[in-house]
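Student: Dropping the structure in here first, questions after.
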2 protein chains.
Amino acid sequence: MSLIVQKFGGTSVANAERVMNVAKIVTDTFAQGNDVVVVVSAQGDFTDVLVDKQMEINPKASRREQDMLLAAGEQISIALLAMAIEKLGYHAVSLLGWQAGFETSSSHTSARIKRVDPSRIREALDRRNIVVVAGFQGLSRYGDITTLGRGGSDTSAVAIAAAMHADLCQIYTDVEGVFTADPRKVENAKKLDEISYDEMLELATLGAQVLNNRSVEMAKKYNIELEVLSSLTRAKGTIVKEKSKMEKMLISGVAKDTDIARISVTGVPNNPGIAFKMFSKLSKKDINVDIILQSIGHDGKKDISFTVAKSRGQEAVDALKDYMESHGASGIQLDENVAKISIVGAGMESHAGVATKMFEALYDAQINIQMISTSEIKVSVLIDAVDADKAVKAIHAKFFD
Amino acid sequence: MSLIVQKFGGTSVANAERVMNVAKIVTDTFAQGNDVVVVVSAQGDFTDVLVDKQMEINPKASRREQDMLLAAGEQISIALLAMAIEKLGYHAVSLLGWQAGFETSSSHTSARIKRVDPSRIREALDRRNIVVVAGFQGLSRYGDITTLGRGGSDTSAVAIAAAMHADLCQIYTDVEGVFTADPRKVENAKKLDEISYDEMLELATLGAQVLNNRSVEMAKKYNIELEVLSSLTRAKGTIVKEKSKMEKMLISGVAKDTDIARISVTGVPNNPGIAFKMFSKLSKKDINVDIILQSIGHDGKKDISFTVAKSRGQEAVDALKDYMESHGASGIQLDENVAKISIVGAGMESHAGVATKMFEALYDAQINIQMISTSEIKVSVLIDAVDADKAVKAIHAKFFD
């Protein structure tokens, strides 16, 4: 008998029919002799419904009250899923984050899990219940409801799997697993059987958006085997673990991120410290900078370009404009029509020429590269947003066809 | 400085505009120097939305999961009201039933409050917060979310008022107070300034439906002064307390209840014990019997008539039919087209002729009386449902015009 944690996202429980479908998956797993803990998110667009209600009343409401509001979403979905499981003739117990033992930091709307005390889950399992846990939420040490922020339900599932030494943590989504590229865009995209934590982390960061990064980091830390799979097709998914056999492959995937903007500061005086001051202004505002490119200075001037999340682009410009111009920079531009294309693969560490092969694919497709960034297991390039899909296809074809 | 508990029902917080209206009332009360604890129900029809979701999945879901589902309703409304209070520049803290210290029995969907530990409410008040508490819900000793059943939010408010020795408990509704008759039906209906707990209890039982009975019983037990008033007009409402000056009035109101059915069992053999056995069959099924009328026996036979809630009428007939007929009764009839009209007033204890005056009003209006029931402070009659509104008007005119 194994202990299996299964996580279902909002689209998987969006309506009564889908809730029943999830109940079928869960009870089948239970009927095969496993202990099952299910983690669910709020139904489909219900979180948006709640946010709309808030916006009508007070867009600047305290984060504590935002958490109180949003946590109602999972409360509804766990009750409905437990009812669906009962309908199929099994015993179910739904538990809210605090009932399931989730103790978090008190940073509302983006709390971090500090500890999971799974004693109540364990007790309910011992009485042969299927346990349905509200993802995304917990309780601070002040006894306040908290939420974990974006993708938090994945993290909830992995945290339970870690605390209870589960044999497997299955993350059910609307795709069949991790692909070598977005299968909706690239015809020959292949589903991977396995991928390593590190590759998955790079892919998630780079916009593949299959798994939340915090959950992969936690799975890596506690060595929890993850499976990413579809709640609709019931096909075998992709296993995420420490070392994957995929490492023999040169790269494991091509990812696209169009949610970024490029900022260029031109004519920056070539004085020591000016770049440091510039980026410290951004970090004070909690704006993450990704790729940075600095031109070779001439005439005592240089250009500095960098990328930030698109939603923070204008804020970054506002934070820098006066300071940079008063220190002699000639201008600052924001370009939101850019995309970052990346290849990821543990294999590239030991294989030369991977970046070259990527650049060749882009050259063949007549796509101009604006910026380049590399790490041990990835190469990213910044290009025009309009070329993004064409670029992914060209690179994917070069490596996988 | 006083401690005031204010309770707002679902219609008072049905949409953003109404939530802001409630926030205005609450903050005005706070700005006058009072400590304020607000109890709210789920928004408008939201409970129905949740019940519909359940019905689609599993109409026979366990009561525990029903409570988990429904309790999400108040969670949403307390967060929204707290946000609205923040919007007006005040500090607010919302608390779920369990956070506010509501310990209940574990009879899900109709739990009883066992204890309220208001320490967390007190703490939040001490830090100059307006405290917004989820009505209708609590926590069982097994750590499960419970709900109090119908009208539970009134009871929640009175329980907090009792536990905290509040100076006043205001129940905001969509009417301006307690009237001598339904003001939508009777033109000359008068708003009462005061009414006693006992009169209020009789009126609530008799279908006036202004206040939930459990809440009035609790207010009487702990001697909590209640005020029933409208969240829309801000006019002075009706005070409910131990002894009201209304007692000088002959009667305090005329109430109508059309949610009843009459069952008649004819030709019952005149044997001792048969009536006892008949009603014990009903009480085993938890069917409450109201007015009972037994004809004087002749030829060793008698007729027994009684009233039950309309929703239980057929069930009551089914429970009795075989038994009664096998014991010699000649038939059993169900009549759902009846109404109970009642007059209530502490004054009638010391005034003779009150019932006579009522019967006279009905005679003048040519309305036939089917059954009569009396207590110390009320007289009820059963009549044809079609005559109900005419009867209320006639009786009201007789006593109040």
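Student: Under the 0.36 nm per residue contour assumption, what length would be gained going from the current alpha-carbon distance of A:Ser264 and A:Asn337 to full extension?
Tutor: Using 0.36 nm per residue and subtracting the Cα-Cα distance, I get 25.0 nm.
Student: What Kirkwood hydrodynamic radius, in Å, does segment B:174-242 give when the mean of 1/r is taken over all pairs of distinct Cα atoms and then inverted?
Tutor: On the way: mean 1/r = 0.0828 Å⁻¹.
Value: 12.1 Å, from the Cα pair sum.
Student: Same structure, new question: Any aspartates and glutamates with Cα under 16 Å of the A:Lys185 Cα? List them, leaving off those in the same chain fewer than 8 positions away.
Tutor: A:Asp174, A:Glu176, A:Asp257, A:Asp387, A:Asp389, A:Asp401
Student: Let me ask something else. How large is the Rg to Rh ratio of segment B:51-171 when both quantities use alpha carbon positions and Rh follows Kirkwood?
Tutor: 1.00
Student: Compute the separation of the alpha-carbon centres of segment B:276-298 and segment B:378-392 and state it in Å as a whole number.
Tutor: If we compute the Cα centre of each part, the gap is 22 Å.
Student: Enumerate the aspartates and glutamates that B:Lys284 could reach by cross-link, defined here as Cα to Cα under 13 Å, with residues fewer than 8 away along the same chain left out.
Tutor: Partners within reach: B:Glu315.
Student: Could you point to the residue in B:Gln366, A:Ile121, B:Asn271 farthest towards the positive end of the protein assembly as shown's charge dipole, with +1 and -1 charges on the Cβ of Lys/Arg and Asp/Glu respectively?
Tutor: Projecting each Cα onto the dipole axis, the largest value belongs to A:Ile121.
Student: A further question on this structure: What do you get for the angle between helix B:354-364 and the principal long axis of chain B? Use alpha-carbon atoms, 0 to 90 degrees, nearest ten.
Tutor: For helix B:354-364, the angle is close to 70 degrees.
Student: So if each residue of separation counts as 0.36 nm, and I subtract the Cα-Cα distance between B:Asn15 and B:Arg115, what length gain in nm does that give?
Tutor: 32.8 nm
Student: In addition: Taking Cα pairs under 8 Å and at least six residues apart, what relative contact order does segment B:265-382 come out at, in percent?
Tutor: Averaging sequence separation for qualifying contacts and normalising by length gives 27 percent for segment B:265-382.
Student: In vacuum, with every alpha carbon of segment A:146-291 counted as one equal point scatterer, what does the Debye formula give for log10 I(q)/I(0) at q = 0.13, 0.16 Å⁻¹? Two decimals, please.
Tutor: Normalising to I(0) and taking log10 leaves -0.68, -0.89.
Student: When you take every Cα atom in chain B, what is the radius of gyration, and what is Dmax, the widest Cα pair distance, in Å?
Tutor: In Å, with Rg to one decimal and Dmax whole: 23.3, 79.
Student: Once all Cα-Cα distances of segment A:112-163 are split into 10 Å bins that start at 0, what whole-number percent is in each one?
Tutor: 23, 53, 22, 1
Student: Right, next: Using the Cα gyration tensor of segment A:305-365, with a ≥ b ≥ c the square roots of its eigenvalues, what is the shape: rounded (a/c below 1.5), prolate (a/b larger than b/c) or oblate (neither)?
Tutor: Because a/c hits 1.5 or more and a/b exceeds b/c, segment A:305-365 counts as prolate.
Student: Give the calculated FRET efficiency between B:Ser375 and B:Asn188 to the nearest 0.05, with a Förster radius of 30 Å applied to their Cβ-Cβ distance.
Tutor: Efficiency computed from Cβ-Cβ geometry: 0.70.
Student: Now for a different question. So if I place +1 on the C-beta of Lys and Arg and -1 on the C-beta of Asp and Glu, and nothing else carries charge, what would the dipole magnitude of segment B:3-174 be about its Cα centre? I want it in debye, nearest 20.
Tutor: That gives a dipole near 360 debye.
Student: Given bins 10 angstrom wide, list per bin the percent of all Cα-Cα distances in the protein assembly as shown, short to long.
Tutor: 2, 11, 17, 18, 17, 13, 9, 6, 4, 2, 1, 0, 0
Student: Something else now. As a check on your grasp of the helix formula, calculate [θ] at 222 nm for chain B: sum -39500 (n - 2.57) over DSSP H runs of n ≥ 4, divide by the residue count, round to the nearest 500. Please report the intermediate quantities before stating the final value.
Tutor: Values: 11 runs with 139 residues, N = 401.
Helix contribution divided over all residues of chain B: -11000 deg cm²/dmol.
Student: Restricting attention to segment B:122-204, which chymotrypsin sites (Phe, Trp or Tyr not before Pro) occupy a DSSP loop and are surrounded by at most 10 other Cβ atoms within 10 Å?
Tutor: Filter output for segment B:122-204: B:Tyr142.
Student: Can you return the aspartates and glutamates within cross-link range of A:Lys321? Criterion is Cα-Cα under 20 Å, with same-chain partners fewer than 8 residues away left out.
Tutor: A:Asp286, A:Asp290, A:Asp303, A:Asp335, A:Glu336
Student: Right, something else. If you take every DSSP beta bridge fully contained in the protein assembly as shown, what fraction is antiparallel? Give it as a percent rounded to 5.
Tutor: Here the share of antiparallel DSSP bridges comes out near 60 percent.
Student: Enter the Cα centre distance for the pair segment B:44-115 and segment A:99-140, rounded to the nearest angstrom.
Tutor: 20
Student: Shielding of A:142-149 by partners, i.e. mean partner chain Cβ atoms within 10 Å per residue?
Tutor: 2
Student: Any idea which of A:Ala235, A:Ala204, A:Ser215 is furthest toward the positive side of the dipole for segment A:93-238, if Lys and Arg beta-carbons carry +1 and Asp and Glu beta-carbons -1?
Tutor: Checking the options against the dipole of segment A:93-238, the answer is A:Ser215.
Student: Of the listed peptides A:215-221, B:369-375, A:157-163, what is their order by residue-averaged count of other C-beta atoms within 10 Å, with the highest listed first?
Tutor: Put in order of decreasing packing, that is A:157-163, A:215-221, B:369-375.
Student: Determine the alpha carbon to alpha carbon distance for each of B:Lys190/B:Lys236; A:Lys340/A:Lys398; B:Lys281/B:Lys378; A:Lys220/A:Lys398 and list only those over 24 Å.
Tutor: Pairs exceeding the cut-off: B:Lys281/B:Lys378; A:Lys220/A:Lys398.
Student: Give the residue from B:Val338, B:Pro183, B:Thr109 lying farthest towards the positive end of the charge dipole for chain B; charges sit on Cβ (+1 for Lys and Arg, -1 for Asp and Glu) and the dipole is referred to the Cα centre.
Tutor: B:Thr109
Student: Sticking with this one: Take every Cα-Cα pair in segment B:160-213 and report what % of them are more than 17 Å apart.
Tutor: 43
Each reported figure results from applying straightforward, stated rules to the coordinates on display, with no laboratory input. The structure presented is a predicted model; accordingly, all values stated were derived computationally and were not measured. For neighbour counting, all protein chains shown are included, and Cβ atoms are generated from backbone atoms with ideal geometry for every residue, glycine included.
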